[in-house]
Amino acid sequence: MKVLVATQKPFAAVAVKGIKEIVEGAGYEFALLEKYEQQSDLVAAVADADALIVRSDKVTAEVVEAAKQLKIVVRAGAGYDNLDLAACSAHGVVAMNTPGQNSNAVAELALALMIFMARTQFTPATGSEIQGKTLGIQAFGNVGRLVGKKAAALGMKVKAIDPFLSAEQIVAGGAEPADSLEALYSECDYVSIHIPATPQTIGSIGYDLVTRMPKGATLINTARKEVIDEAGLAKALEERTDLKYAADVAPDNIAELKEKFGARVFATPKKMGAQTAEANINAGLAAARQIVAFLKDGCTKFQLNK
Ligand code: 3PG
C-alpha cells in the first residue's frame, strides 16, 4: 500500500517526518510530492497511490480518475472545497478532512490581522486598540469559537452568528448571538469571517453587508477569498473611506484594491492561516492516523462523502 503526501504548499519538515513514521510504522510505503508546479504533476503522481494526503491541493475528477488504486483521500485541514466529492464517491474513494486540527493557527492569524490593521499595518500613524471594541464572528465553528475566546480575553465584546447553531449554543460558546447576519455587520467594529466556500456562500459578502459596518470598521477574512464579492467590496471601500479589509489570502483584484485604498487593505501573498509547525503536525499526523485507521480497521470517522 502506498500513501502519497502531495502538497503544493509543503508541510513543515517535522510534520512530514511524523507522517512518514506513522505510515511506515503501519507497514505502508510513504511517498512525497512537494511544491509541484503543474496539476499534471499531481495527476501523474497519484497513479499508484492507495491513499492520498493533501492540503488545498485540487483533487479534481481528473486526479481521482487517474488514481486507479486510490481508496482514501484526506484533506489535512478543515475546508474541503478543493475535493471533488462526487468524483470520489463515483470511484469508491473515501474522502475525509481533519476538522479542528489547524484551527488555533487560523484563529491566531485572525487576531493578528485585527491588531495589525488597528495599528495601521505597524506604521507610525496613530492607530486604535481592539480592547472595548465589538467583534462579530460569522460562523461559530472550530475557528470562530477560538477567535471569540481569544478576543474576549483581550477585552473585546464578542457577537456571533451561525446558521447551524441555536442561540443557546452560541451563548455556550461564549458569544452573544446576533439577530441576523445584517445585524452582525451593522453592530460590529470588526467582523471575522469563518464560513466555508460553498455554492451558497461564494460571492455572498459584498457591498450590502460591508457598507452596513459602523464607522472605522474592519472586515477580516481568513476563510476563503471566494466568499467575497470582490467588485462589491471595492465599491464599498470606495464609498466608505473609513472601512478596512484584511485577508488571508489575496483577492483577485488585490492590485486594484492596493492602488485605490493603500493601507486600508492588506492581504497575505500566500494563504498562511494554517502555516505553523503546530498546525502542520496536528493536521498532517491526524490525516496519516485516519488513513491507517481506515485501511486497517475500516474506520470512516470524518468521512465527508457518506
Ligand atoms: C483549511 O481549510 O484547513 C485552511 O484553509 C488551511 O489550508 P492549507 O492547508 O492550504 O494551508
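Quick notes on this structure:
- Residue among 152, 160 that alone is outside any loop (DSSP other than H, G, I, E, B), aliphatic (A, V, I, L, M) and open to solvent by less than 20 Å² (accessible area, probe 1.4 Å): 160
- Every pair of residues 6+ apart whose Cβ atoms lie under 7 Å, when the first sits in the range 207-228 and is assigned by TED's automatic domain parsing to the domain that holds residue 141 while the second is of a type in the set (Ser, Thr, Tyr) and in a strand (DSSP E or B): 217/190; 218/190; 219/245; 220/190; 220/192
- Out of 86, 78, 105, sole residue that is under 11 Å from the mean Cα position of the chain (by Cα) and within 19 Å of residue 303 (Cβ to Cβ): 78
- The range 245-293: number of residues that are among the basic types (Lys, Arg), touching a helix residue (DSSP H, G or I) at 6+ places or on another chain (Cβ under 7 Å) and touching a residue at least 40 places away in the same chain (Cβ under 8 Å): 1
- Residue 295 more than 16 Å from the chain's Cα centre (by Cα), within 16 Å of the ligand (Cβ to nearest atom) and open to solvent by 30 Å² or more (accessible area, probe 1.4 Å): no
- Applying the condition of being farther than 16 Å from residue 56 by Cα and within 16 Å of the ligand (Cβ to nearest atom) to the range 247-267 and asking which residue is modelled with the lowest pLDDT yields 251.
- Residues satisfying the criterion are present in the range 132-149 (criterion: in a strand (DSSP E or B) and open to solvent by 10 Å² or more (accessible area, probe 1.4 Å)).
- Evaluation of residue 149 against the conditions (1) within 16 Å of the ligand (Cβ to nearest atom); (2) in the same structural domain as residue 202 (by TED's automatic domain parsing) shows that the sole unmet condition is (1).
- A count restricted to the range 99-131 and to residues that are acidic (Asp, Glu) and more than 16 Å from the ligand (Cβ to nearest atom) stands at 1.
- Test: residue in the range 165-172 that is modelled with pLDDT of 95 or more and at positive phi: no
- Residue check for residue 280: over 17 Å from residue 118 (Cα atoms) and in the same structural domain as residue 56 (by TED's automatic domain parsing): yes
- Across the range 191-206, the number of residues qualifying as out of contact with any Leu (no Cβ under 7 Å at 6 or more places or on another chain) and touching a residue at least 24 places away in the same chain (Cβ under 8 Å) comes to 11.
- Subset tally (residues that are of a type outside the set (A, V, I, L, M) and over 18 Å from residue 271 (Cβ atoms)) for the range 1-55: 16
- Any hit, the range 19-40, residues being open to solvent by less than 70 Å² (accessible area, probe 1.4 Å) and more than 22 Å from residue 286 (Cβ to Cβ): yes
The values are calculated or read from the model by the stated rules, or taken from the named source; none is laboratory data. Please read all numbers here as calculations on a predicted model, not as lab measurements. All Cβ positions, glycine included, derive from the backbone under ideal geometry; neighbour counts span all protein chains shown. The protein model used for the area step is the full one, side chains on, heavy atoms only, and it has no ligands, DNA or RNA in it. Shrake-Rupley method; radii C 1.70, N 1.55, O 1.52, S 1.80 Å.
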